[in-house]
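> The following block contains the structure, expressed as structure tokens.
None of the figures in this text is laboratory data; all of them are computed from the coordinates on show. The structure displayed is predicted, hence computed values, not measured ones. Quick reminder, even Gly has a Cβ in these numbers, built from the backbone with ideal geometry, and neighbours come from all protein chains shown.
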Amino acid sequence: MMTDRIIKSHCNNCGQGTKHIVRFEHKIENSEEIESGRFSVEWCDTYTVLECCGCEDVSLKRQQWCSEWMDEGTVDTYYPPRVSRRRPSFFDKIPEKYSELLDEIYSALHANNKRLAMMGARTIFDAFILEKVGDVRGFKAGLMALNKNGFIAEKSLPLIEAAIDAGHAASHRSYRPSVKNMMLVMDVIENILQTDLLAKAEEELRKSTPKRESAKKSGK
């Protein structure tokens with residue numbers, strides 16, 4: 001069924017809730033008699049094609065309903081999933097060994113595989129510690145070494161440690177992170193990588209800036 005009504009929905013491309021045009025909608029309804037007609041079970045699937053009014057990104061929403069569900073509510077599923085995350089603006093400047101890992105994490109989020117994404121996040125922490133401070137014993141020691149050498153701020157340690165523990169839990173304790181917690185871990189990772197890029201840029205800027213002449217040498 002063609003329709004042009006407007007609804008509010010999350011847009012992965014815009015990264016927030018936006019107005020969407022309902023371009024197409026198709027409903028499938030069915031029922032089945034149980035125990036020789038003593039009662040029946042009904043269900044309905046509604047497929048909706050949505051187009052963001054801002055960026056024109058297109059997505060598919062599937063809404064499921066069944067009369068046997070206790071709360072009589074609906075289950076909404078989006079394709080791609082609404083936990084997808086856009087690449088940061090500085091992505092193309094990230095070293096390849098990290099950008100390749102990030103791409104795999106974004107792909108896992110795109111497929112709603114948050115456990116795999118969390119495991120990938122921990123791998124990035126591993127790689128960053130190994131590059132900056134070498135092979136140390138344990139994440140705790142690695143974090144302390146990063147802080148001591150100026151790669152991360154002391155006030156960031158608790159948050160980073162929590163993010164690392166979440167990655168460990170996903171790998172070894174069957175932890176399935178919520179969307180909110182997964183996004184928090186991604187914020188931590190991207191912040192660390194961006195801070196490292198800015199530090200390198202600052203160093204290059206200082207090297208390329210002409211030194212200021214002393215007052216004595218300039219005759220002032």
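> Please name which of ALA153, TYR175, ASN113 has its Cα lying farthest along the dipole of the stretch 91-208 towards the positive end, using unit charges on Cβ (Lys, Arg +1; Asp, Glu -1) and the Cα centre as origin.
TYR175
> Roughly how many debye, to the nearest 20, is the charge dipole of the chain about its Cα centre, given +1 on each Lys and Arg Cβ, -1 on each Asp and Glu Cβ, and no other charges?
Dipole of the chain, to the nearest 20 debye: 1820 debye.
> Next up: When only C-alpha pairs under 8 Å and at least 6 residues apart count, what is the relative contact order of the stretch 1-57, in percent?
Reported as a whole number, the value is 35 percent.
> Using Cα pairs closer than 8 Å and at least 6 residues apart in sequence, work out the relative contact order for the chain, in percent.
Dividing the mean separation by the residue count of the chain yields 12 percent.
> Helix 114-133 sits at what angle to the longest principal axis of the chain, using alpha carbons and giving 0 to 90 degrees rounded to 10?
That helix lies at roughly 10 degrees to the long axis.
> Kindly give the semi-axes, whole Å and largest first, of the ellipsoid equivalent to the stretch 1-97, taking each as the square root of 5 times a Cα gyration tensor eigenvalue.
37, 17, 10
> For the stretch 128-197, what is the convex hull volume of the alpha-carbon atoms per residue, in Å³?
Value for the stretch 128-197: 85 Å³ per residue.
> Compute a Gaussian network model of the chain, connecting alpha carbons closer than 10 Å, and tell me which residue from GLY167, GLY142, GLY17 fluctuates the most.
Its mean-square fluctuation being the largest, the pick is GLY17.
> In addition: About the Cα centre, and with charges only on the beta carbon of Lys, Arg (+1) and Asp, Glu (-1), how big is the dipole of the stretch 91-208? Nearest 20 debye, please.
Charge dipole of the stretch 91-208: 460 debye, to the nearest 20.
> Over all directions, what mean area does the Cα convex hull of the stretch 36-89 project, stated in square nanometres?
That works out to 5.7 nm².
> What is the helix-to-structure angle for 138-148, meaning the angle in degrees between its Cα long axis and the longest Cα principal axis of the chain, kept from 0 to 90 and rounded to the nearest 10?
So the inclination is approximately 50 degrees.
> While we're looking at this one, here's another question. Over the stretch 91-208, what relative contact order in percent results from Cα pairs under 8 Å that are six or more residues apart?
RCO, the stretch 91-208: 29 percent.
> Moving on to the next point. GNM on the chain, C-alpha springs below 10 Å: top fluctuator among VAL75, VAL58, VAL188?
Highest fluctuation of the listed residues: VAL75.
> Another question about this same structure. Take the alpha-carbon positions of the stretch 91-208, form their convex hull, and give its projected area averaged over all directions (one quarter of the hull surface) in nm².
7.7 nm²
> Something else: Starting from the Cα coordinates of the chain, work out the convex hull volume and express it per residue in Å³.
That works out to 201 Å³ per residue.
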